[in-house]
C-alpha cells in the first residue's frame, strides 16, 4: 500500500500552476500593475499591457516631470512593476502622450 501511494504522488505537483483557473489573467495582472504604478508619488495615471514577460507602461505625471526627474520617476515605475509581478522580466515606460493613449486604449480593448 505504501509503495502504491508513493507512485501515485510522485508525478503530482502542488504548485499554483497546477490549476491555471486560479492564476490571474493578463488583464488582471495589467490592471494590478497600472493601479500600483498610479499610486506612486508623482504619477497621475498609468496604463499597462503585458506581452509575454514584458510590460509596457504608459504614465502621466502630476506635474509634467521632464529630464532627470522624469528618468528617476521611470526607474521607480520599473522597480514597482518588477516588485508587483514576479513573472515580469522587462519593463518599458513611456510618458509620450500619443503612446500613453495607445497603451490605455489597448488595455481597455483587449483586457
task = Examine the range 9-21 for a residue that is farther than 18 Å from residue 86 by Cα, exposed (fewer than 10 other Cβ atoms within 10 Å of the Cβ) and modelled with pLDDT of 95 or more, and state whether such a residue exists.
result = no
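Restrict the check to the range 53-63 and report whether at least one residue is at pLDDT 95 or above and either in a loop (DSSP other than H, G, I, E, B) or exposed (fewer than 12 other Cβ atoms within 10 Å of the Cβ) (or both). Talk me through it step by step, then tell me what you get.
Filtering the range 53-63 for residues at pLDDT 95 or above gives 53-61.
Pick out the ones that are also either in a loop (DSSP other than H, G, I, E, B) or exposed (fewer than 12 other Cβ atoms within 10 Å of the Cβ) (or both) and you get 53.
Taking every residue of the range 53-63 in turn, at least one turns out to be at pLDDT 95 or above and either in a loop (DSSP other than H, G, I, E, B) or exposed (fewer than 12 other Cβ atoms within 10 Å of the Cβ) (or both).
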task = Look at the range 86-104 and say how many of its residues are part of a helix (DSSP H, G or I) and either touching a helix residue (DSSP H, G or I) at 6+ places or on another chain (Cβ under 6 Å) or within 13 Å of residue 48 (Cβ to Cβ) (or both).
result = 5
inquiry  = So the check is Cβ under 6 Å with 6+ separation or different chains; which pairs have a first residue in the range 31-45 that's touching a residue at least 60 places away in the same chain (Cβ under 8 Å) and a second one that's buried (at least 16 other Cβ atoms within 10 Å of the Cβ)?
reply    = 34/46; 34/47; 34/48
note = Across the range 93-107, the tally of residues that are more than 16 Å from residue 31 (Cα to Cα) and surrounded by fewer than 18 Cβ atoms within 10 Å (Cβ to Cβ) stands at 5
ask   = Looking only at residues in the range 89-107 that are within 16 Å of the chain's Cα centre (by Cα) and in contact (Cβ under 8 Å) with a residue 40 or more places away in the chain, which one is farthest from residue 42 (Cα to Cα)?
value = 106
remark   = The condition of being assigned to a helix (DSSP H, G or I) and exposed (fewer than 13 other Cβ atoms within 10 Å of the Cβ) holds, among 83, 76, only for 83
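The values are calculated or read from the model by the stated rules, or taken from the named source; none is laboratory data. Everything quoted here is computed from the prediction, not taken from an experiment. In this analysis, Cβ positions are derived from the backbone assuming ideal geometry, glycine residues included, and neighbour counts consider all displayed protein chains.
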